[in-house]
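Here's the structure, in structure tokens; my notes come after.
The values are calculated or read from the model by the stated rules, or taken from the named source; none is laboratory data. Only a predicted model underlies this, so the values are computations on that prediction, with no experimental measurement involved. Positions of Cβ are backbone-derived with ideal geometry, glycine not excepted, and every protein chain shown enters the neighbour counts.
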Amino acid sequence: MIEPVIGRYLRLDLETRPHRVYFEETGQGVPLLLLHTAGSDGRQWRHLMNDAAVTSRFRCIAFDMPWHGKSSPPEGWQGGEYRLTTAAYTGMALAVSSALGLDRPVVMGCSIGGRIVLDLAADHADAVRAVVGLQSSAFVAPYYDTEWLHHPHTQGGEVCAAVVSGLIAPTAPDADRWETLWHYMQGGPGVFRGDLHFYKGEGDLRPKLARIDTARCPVALLTGEYDYSCRPEDTLATAAAIPGAEAVIMPGLGHFPMSEDYAALRPHLLPVLERFAALP
Amino acid sequence: MNLAALPARVAATPGLARWGRHLTAEVLVEAGERRWILSVRDGALVRAEAAPAIMPRYDLALRFDPAGLEKFLQSPPPPGWHDLMALMRQGALQVEGDVQPFMAHLFWFKGVFALLRESAA
């Protein structure tokens, strides 16, 4: 059996540097741009991209951020430290959308992706149709020393996976739990930590929330109850700061709902996508 | 919390020895007034006994808030109390001393303490 998902490479400049970005695409209809979590890659969307209820209405596109999955770092990477920033992440999402000719996509992201959709809604409402934030909050305070994620005295893949393993709900199917963790084990050295520079520090978007106009860019936030990184209360506080935003706390799910247990996410997600598919 | 059966349970869980194959450490586990020492050799938990009252020797300490540990041990545990790092996020677990063995063998530590939950259920 061959899946309908097709992978290709996109050549474009990001922050003035040439990049070769891998993306996967399937489906037809309203463009739906999918953003993976920190330290992982676009495989997290594998179930959604094989769900005919989604792909019959949406042109789904999941790209691997530079440094992640099959998107290599830019030339000269060895001379510096990878650190994701709000400006780089927003610019990347907009550049990929533009390069692929997407007309005001619905943008759905998880964790760091759920964070950056808030920035897109706040400052680029003309470029997006609506946003869905999975495990989305405007800020997460550090609760462990991220230095261990990139340290010669730990095995990087194992420690990154072990750190996030508890963020998966105890009820998640074993196969999807361990595939989700495998993606983390495959991350490049320092990449997860570099993403967390944005997530746990630089990318504090709380000051921007009040300027989001949900009449121009609807916002839906869906968060699994077992997430102790982006906690349910963090999502609810974020939604409360955005007039008109919708927030749902999902039982039996953790930090990676689309990857750890898509069947449990689906009943919450499909009604949101159905509404967003009908937007002009 | 009764740790007496833990060495046998760890030995009966094959994946743990692989995650912990390079882990050799004395680990103090503390919950309020109660203290134990876990003796780990190459990923095998060879002893889990009450810590000596005088001059206990250990490489790292896991100090639990007793109420937080009680929630962690529930089966199933409530959201937000279901993982060692969730307890750290809640301020209900402090990892002190040489943290490197804990972080380098985090799957082992998480797996072992999850077994404790099953025996408590």
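Remarks
- Just one of the numbered conditions (1) among the small types (Gly, Ala, Ser); (2) part of a helix (DSSP H, G or I); (3) closer than 18 Å to B:ALA104 by Cα is not true of B:SER39: (2).
- Top-ranked residue of region A:100-151 - restricted to ones that are of a type in the set (Asp, Glu) and over 19 Å from A:ALA247 (Cα atoms), ranked as surrounded by the most Cβ atoms within 10 Å (Cβ to Cβ): A:ASP123
- Within region B:30-61, considering residues that are closer than 29 Å to A:LEU167 by Cα and small (Gly, Ala, Ser), the one nearest to the other protein chains (Cβ to nearest Cβ): B:GLY43
- You will find that of A:LEU253, A:LEU270, A:LEU236, the residue that is assigned to a helix (DSSP H, G or I) and under 16 Å from A:GLY133 (Cβ atoms) is A:LEU236 and no other.
- For region B:62-121, residues that are touching an Asp or Glu at 6+ places or on another chain (Cβ under 8 Å), more than 12 Å from chain A (Cβ to nearest Cβ) and either free of Cβ contacts under 8 Å to residues at least 12 places away in the same chain or on the phi < 0 side of the Ramachandran plot (or both) total 3.
- Hits in region A:224-240 - residues which are crowded, with 17+ Cβ neighbours inside 10 Å, more than 10 Å from every other protein chain (Cβ to nearest Cβ) and in contact (Cβ under 8 Å) with a residue 24 or more places away in the chain: A:CYS230, A:ASP234, A:THR235, A:THR238
- One residue from A:ASP176, A:ASP195 being assigned to a helix (DSSP H, G or I), acidic (Asp, Glu), in contact with a His (Cβ under 9 Å, 6 or more places away or on another chain) and crowded, with 21+ Cβ neighbours inside 10 Å: A:ASP195
- Residue that is farthest from B:ARG35 (Cα to Cα), among those in region B:55-75 that are at pLDDT 95 or above and part of a loop (DSSP other than H, G, I, E, B): B:ASP59
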